[in-house]
Amino acid sequence: MEQHRNGKILALLFTGVLMGALDISIVGPAIPAIEQTIKVDHRVISWIFSIYVLFNLVGVTFLAKLSDLFGRRNIYIISVAVFALGSAIVSISDDITVLLIGRAVQGFGASGIFPVASAVIGDIYPPEKRGRTLGMIGAVFGIAFIIGPVIAGVLLLWFKWNALFLINLPIAAVVIFYSWRLLPAKKSDLKPHFDWTGMVFIAILLSSFAYGINNIEASEGIRGLLSTDVFPFLLITIITLPVFVYLEKRSPSPVVKIELFDIRQIRIVGLVAFGTGIIQAVTIFVPEMAVNVFGVSTSQASFMLIPFVLAIAVGSPVAGRLIDKIGSRAIVMAGLLLAATGLLFFYFNSASKVNFYTAGIFMGLGSAMLQGSALRYIMLNEVQQSERALGQGIITLFTSTGQMTGVTLIGIIVASMPSRIDGYSKSFLVIAIIALSVMLISYRLKSRSAELAGASATAV
C-alpha cells in the first residue's frame with residue numbers, strides 16, 4: 001500500500017518538475033515569434049532568460065527554508081501556484097515589461113519545485129533507494145529538453161507564442177489538486193521563525209551578482225568588468241557576502257545554515273555543483289559552434305544536441321541505480337571524467353561531426369551523473385530531515401552561479417581569440433581542465449560504507 005502511494009507521489013513530483021523543465025526548453029523556439037510581436041532590442045530579449053534565472057536564484061533558498069519549516073505539501077503547492085501565475089502573466093503580455101514580470105514570477109515559483117521534490121524523496125525513501133529515484137527525476141530534465149522544442153514547434157504552427165505558456169495552467173491545476181491529496185503535510189517541530197534580514201541580504205547578494213555578470217561585454221575585456229553596469233554590482237556582491245555570512249552565523253533560524261559548510265562532504269558538493277554549472281554552460285554555446293564549424297542552420301544545430309539530451313535521459317536513471325550499489329563518490333568522479341573527455345573531444349577535432357556527436361554523448365552522460373542524482377543524494381544524506389529542502393536549494397544555488405560564471409568565462413575567452421572557432425576550442429580546453437581539477441578534489445568524498453553510516457545518523 002505504501003509502495004503504491006509512493007509511486008503516485010513520484011508521478012506527481014515528476015509532473016511538476018517536467019512542467020518547470022519544459023518551460024526552459026520551449027522558450028528558445030518562441031524567441032523569434034516574441035521578437036515579431038514585441039519590438040524590442042535583442043539585448044532586452046535576452047533578459048527573458050536572465051530574469052528567470054535571477055528570480056530562481058533569489059527564491060530557491062527562501063522557498064526551501066519555508067518547506068523545511070512549514071511542510072513540503074504547503075510550499076510545493078505554493079511554488080506550483082506561483083509558477084502558474086507567472087505563466088498566466090506571460091501568456092497575456094503584449095509588451096516586454098509585462099512579459100519580464102511574468103518570467104520573474106515564473107522563475108520564483110520554479111525555484112521551489114525541484115528542491116522540494118528532491119526533499120520529499122529524502123523523506124519517503126531510505127538511503128539505499130534514493131539514488132535510483134533521484135536519477136529518474138534527473139531523466140525528466142532530459143525528456144523535457146527532447147520534447148520541449150517539438151511541442152513548441154507544433155503549437156507555433158497553429159497558435160501564437162502565448163499558447164506555449166497557457167498549457168502550464170491545466171497542468172499546474174492537476175499538480176496542485178493531487179499535491180493536496182498525496183504529499184506529506186508534516187511540519188517541523190521547531191518554532192517557525194524566518195530570518196528576514198538574511199533573506200534581504202541574500203537577495204541583494206544574488207541579484208547584484210546575476211545582474212553584474214550578465215551585463216559583462218565579453219568583447220571589451222577588462223574594460224567590460226569596469227563598466228557602470230558591471231563593476232558596482234560585482235562590488236556590492238563582494239561587500240555583501242561576508243556581511244551575509246556574519247549575520248547568518250548569528251541568526252536563530254538562518255536562511256542558509258553556514259555551519260553546514262563545516263562538513264567536508266557539503267563543501268566538496270558545493271564546489272562540484274559550481275563546477276558542474278560551469279560545464280553545463282558549454283551547452284549554450286555548442287549550437288552556435290555547430291553553425292560556425294559545420295555551416296548548418298540554427299534549427300539544425302539544435303537537433304545536433306539530441307545525442308547529448310538522450311544521454312542525459314538514459315544516463316540519469318542508470319547513474320541513480322549505480323549510486324545505490326557503489327556509492328556517490330565513484331559516480332561523481334566518473335561524471336566529471338566523462339564531461340572532461342567530451343570537452344577534450346571538442347578541443348582536439350571540433351571539425352569532425354563524429355567527434356561532435358561523441359563529445360555530446362560523453363558530456364550528456366557526465367551531466368546525468370552529476371546534476372541528475374549524485375550531488376542531491378549526498379546532500380540528502382548529510383543534512384538533518386528538517387534541513388533537506390534547504391540542502392537541495394544550496395545545490396541549485398551553486399549550480400546556477402556556476403552556469404552564469406561559465407557563460408561569462410566562455411564569452412571572454414571567445415572574444416579574446418582571433419576566430420570564434422578558436423575561441424570555442426580554447427574555452428572547452430579550459431573548462432576540461434577545471435572539470436579534471438574538481439574530479440581530483442572529489443576523491444575526498446566519503447566511501448560507500450561511510451556514506452551509508454552517515455545517512456543512518458541523519459535519517460531522523
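Projecting label points 7 angstrom from Cα along Cα→Cβ for residue 228 and residue 441 puts them 3.7 nm apart.
Taking every Cα-Cα distance in segment 195-252 and sorting them into 5 Å bins from zero, the calculated P(r) comes out as 4, 22, 25, 17, 13, 9, 6, 3, 1, 0 percent. Convex hull over the Cα atoms of segment 48-123, averaged projected area in nm²? Mean orientational projected area (segment 48-123, Cα hull): 4.6 nm². As a ratio to 2.2 N^0.38 Å, the alpha-carbon radius of gyration for segment 308-385 is 1.19. Report note on the peptides 79-91, 165-177: ranked by the mean count of other C-beta atoms within 10 Å, highest first, their order is 79-91, 165-177. The calculated pair-distance distribution of segment 327-443 uses every alpha carbon pair, bins of 5 angstrom beginning at 0, and gives 2, 12, 17, 21, 19, 12, 8, 5, 3, 1, 0 percent. For the peptides 237-245, 249-257, the ranking by packing is 249-257, 237-245, with the highest mean count of neighbouring Cβ atoms within 10 Å listed first. For segment 273-347, the fraction of C-alpha pairs more than 20 angstrom apart is 40%. Taken along its principal axes, the alpha carbon cloud of segment 1-185 reaches lengths of 54, 32, 26 Å, longest axis first. Can you give the local net charge around residue 250? Use residues other than it whose beta-carbon is closer than 13 angstrom to its beta-carbon, Lys and Arg +1, Asp and Glu -1. Every neighbour counted, the sum reads -1.
The helix-only estimate of mean residue ellipticity at 222 nm for the chain, built from DSSP H runs of length n ≥ 4 each weighted as -39500 (n - 2.57), is -27000 deg cm²/dmol after division by the residue total.
Diffusion coefficient (Stokes-Einstein, Kirkwood radius over C-alpha pairs, 10 °C, 1.306 mPa s) for the chain: 71 µm²/s, rounded to a whole number. Over all pairs of different C-alpha atoms, segment 226-336 has a mean inverse distance whose reciprocal, the Kirkwood radius, equals 18.2 Å.
What is the log10 of I(q)/I(0) for segment 258-460, computed with the Debye formula using one identical point scatterer on each Cα and no solvent, at q = 0.14, 0.16, 0.17, 0.18 Å⁻¹? Results for segment 258-460 at q = 0.14, 0.16, 0.17, 0.18 Å⁻¹ read -0.77, -0.96, -1.06, -1.16.
Near residue 34: Cβ cut-off under 12 Å, other residues only, Lys/Arg at +1 and Asp/Glu at -1. The net charge is 0.
Can you give the FRET efficiency to the nearest 0.05 for residue 253 and residue 180, using r as the Cβ-Cβ distance and R₀ = 30 Å?
So the FRET efficiency works out to roughly 0.70.
Values quoted throughout were computed directly from the atomic coordinates according to the rules given, and no laboratory measurement underlies them. Since the model is a prediction, treat every value here as computed from it, not as a measurement. No Cβ is skipped: glycine too gets one built from the backbone with ideal geometry, and neighbour counts run over all protein chains shown.
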